[in-house]
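Student: Below is the structure I would like to discuss, written out as structure tokens.
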Amino acid sequence: MKAIQLVAHGAPGKFELRDVPEPRAQAGEVVVQVQSCGLNHLDLWLEEAGLPITVQLPRTPGGEIAGKIVEIGPGSAAVPAASSEKSQRDAGAPRWSIGDPVAIQSNLFCGECEFCLRGEDSMCLRGEILGVQRDGGFAEKVVVPARSLVRLPDGVDFDTSAALTLAGSTAMHMLTNRTQVKPGDWVLAIGGASGVGSAAIQIAKHLGARVISTGSTEAKRALAQHLGAEFVVDSNDARWPADIRKITNKHGVDLVVEHVGGDVLGKCFDCLARGGTIVSCGATAGRDVQFNLWPFFVKQHRFIGSYGRNRADLETTLEWAAAGKLKPVIDAIFPLDQTAAAFAKLRSRNILGKILVEPFEPESESD
Ligand SMILES: [Zn+2]
């Protein structure tokens, strides 16, 4: 089969479209024919050797995968999801058949450790990142543990799934698991044209929040507004936290959905209401940050880490997509042999929403 492999790190790294052996499903595994795979900043970190993880090259990147089951390994058809109540109800019955449309949970989890057993697969002690620690979805097929599958609901196509399952479920985990949003809360979603930001605006809005977002260009700000942000501030203007205090009548925001890090984090604290929370899932602008502890404890702020998603978050994300409450924002779709160009486009930051890679001509997914 064809796969895009990263053969040398760099910015840009060196990619090759290669013929690699067909993946086969061992016990507990399935092979999925990839129909669409989303590109994430994680892929750029893999490309430039920017992850605090040892990676063996060559590696096929890509974690945000939607596709069809084409092979089921021994015992895999009945593998239940570790944490989902819905899935445990029918444990033992065949769950999977050839041809089933699925999304894959990219933070692979063991299903057995203390955290997996209580439904916190995002905290798995033996977690692996699909497309980083094992070959991912910029390929015609991928082999994954059956427990990492979630069935696509009716009405959710492969591109919608590939554009939402990683970034969208990350935002879902941040807003409904790691923190809570009350109707009327002010929520600041950083980077409203990004994958996490565009989903966070929609989710917070549906939870009853008043949403503010940020954007570095007119087009990005217009998109954030279109998605439901009541106000969108210009992140190029260093005084944007003052704008936010003005918008909220000096109250500040009750929750910040943050995924940028670096200098942006300090500005988020400047926007925060007393008793407010920053939930953070990323550090694309810098991992080493400083913040002043005095206002932090005096104003009784909370700073919460969020990583990946639990299976329940992924299921909720897809249910919301099926119900039309969460819409993907797709900037561009590239064929598999143009994956390097897709990486370059994401690195340029000149994008609105998600970039997807499709290994096959679109007509092959019409069924
Ligand atoms: Zn585990």
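Student: By accessible area of protein heavy atoms, probe 1.4 Å, what ranking do 157, 19 get, highest first?
Tutor: Putting 157, 19 in descending order of accessible area: 19, 157.
Student: Same structure, new question: Write down the Kirkwood hydrodynamic radius of segment 175-253, to one decimal in angstroms, obtained as one divided by the mean of 1/r over all alpha carbon pairs.
Tutor: Across segment 175-253, the inverse of the average 1/r is 12.3 Å.
Student: Let me ask something additional. For segment 167-178, just list the computed ³J(HN,Hα) in residue order, Karplus coefficients 6.51, -1.76 and 1.60, θ = phi - 60°, integers in Hz, with x standing in for Gly and Pro.
Tutor: Taking θ as phi minus 60°, the curve returns 5, x, 6, 4, 5, 4, 4, 5, 8, 10, 10, 6 Hz for segment 167-178.
Student: On to the next question. Provide Rg and Dmax in Å for the chain, with only Cα atoms included in the calculation.
Tutor: 20.1, 61
Student: Can you work out ³J(HN,Hα) from phi for every residue in segment 135-141, in order, using Karplus 6.51 cos²θ - 1.76 cosθ + 1.60 and θ = phi - 60°, giving whole Hz and x for Gly and Pro?
Tutor: These are the phi-based 3J(HN,Hα) values: 4, x, x, 7, 6, 6, 9 Hz.
Student: May I pose another question? Could you tell me which of rounded, prolate or oblate describes segment 1-152, using a ≥ b ≥ c as the square roots of the eigenvalues of the alpha-carbon gyration tensor, with rounded for a/c under 1.5 and, failing that, prolate when a/b is larger than b/c and oblate otherwise?
Tutor: Oblate, since a/c reaches 1.5 and b/c is not below a/b.
Student: Further question: Can you give the % of DSSP beta bridges in the chain that are antiparallel, to the nearest 5?
Tutor: About 55 percent, rounded to the nearest 5.
Student: To continue, here is another question. Checking the a/c ratio against 1.5 first, then a/b against b/c, what shape does the Cα gyration tensor give for segment 242-367?
Tutor: prolate
Student: Okay, moving on. Non-local amide H neighbours of residue 59 (under 5 Å, H modeled in plane, Pro and chain starts lacking H): which ones?
Tutor: Amide H neighbours of residue 59: 6.
Student: Follow-up question, since we're still on this one. Carbon and sulfur: what percent of the chain's accessible surface (1.4 Å probe)?
Tutor: 50 percent
Student: At 7 Å along Cα-to-Cβ for each site, give me the label-to-label distance between residue 206 and residue 18 in nm.
Tutor: 4.0 nm
Student: Then there's this: Roughly how many debye, to the nearest 20, is the charge dipole of segment 214-367 about its Cα centre, given +1 on each Lys and Arg Cβ, -1 on each Asp and Glu Cβ, and no other charges?
Tutor: Dipole size: approximately 960 debye.
Student: Name the shape class, rounded, prolate or oblate, that the alpha-carbon gyration tensor gives for segment 174-316, where a ≥ b ≥ c are the square roots of its eigenvalues, rounded holds for a/c under 1.5, and otherwise prolate holds if a/b is larger than b/c and oblate otherwise.
Tutor: Rounded is the answer for segment 174-316, as its axis ratio a/c remains below 1.5.
Student: When the chain is modelled as a GNM with alpha-carbon springs shorter than 10 Å, which of 197, 228, 286 fluctuates the most?
Tutor: Highest fluctuation of the listed residues: 286.
Student: Report the paramagnetic label zone for residue 274: residues of segment 211-240 whose backbone N is under 20 Å from a point 7 Å from Cα along the Cα-to-Cβ axis.
Tutor: none
Student: Residue separation times 0.36 nm, minus the C-alpha to C-alpha distance between residue 236 and residue 56: what's the value?
Tutor: 61.0 nm
Student: Right, another one. For the chain, report the accessible area per residue in Å² (1.4 Å probe, heavy atoms, rounded to an integer).
Tutor: 43 Å²
Student: For segment 63-208, with equal point scatterers placed on the C-alpha atoms only and solvent neglected, what are the log10 I(q)/I(0) values from the Debye formula at q = 0.12, 0.13, 0.17 1/Å, to two decimals?
Tutor: -0.55, -0.64, -1.07
Student: Take the Cβ-Cβ distance between residue 182 and residue 216 as r, set R0 to 25 Å, and report the resulting FRET efficiency rounded to the nearest 0.05.
Tutor: Efficiency for this residue pair is about 0.25.
Student: Quick query: amide H of residue 304 versus all other amide H atoms, modeled in the peptide plane; which residues come in under 5 Å with a sequence gap of 5 or more or a different chain?
Tutor: Residues meeting the criterion, in which the H sits 1.01 Å from N, are 278, 279, 280.
Student: A further question follows. Counting only C-alpha contacts under 8 Å and six or more residues apart, can you give the relative contact order of the chain as a whole percent?
Tutor: With pairs under 8 Å counted, the relative contact order is 18 percent.
Student: Right, another one. Quick check on packing: order 159-169, 237-247 by the mean number of other C-beta atoms within 10 Å, highest mean leading.
Tutor: 159-169, 237-247
The values are calculated or read from the model by the stated rules, or taken from the named source; none is laboratory data. Note that the structure is a prediction, hence the values are computed from the model and not measured. As a convention, Cβ positions derive from the backbone with ideal geometry for all residues, glycine included, and neighbour counts pool all protein chains shown. Quick note on the areas: whole protein, heavy atoms, side chains included, nothing else; ligands and nucleic acids left out. Shrake-Rupley method; radii C 1.70, N 1.55, O 1.52, S 1.80 Å.
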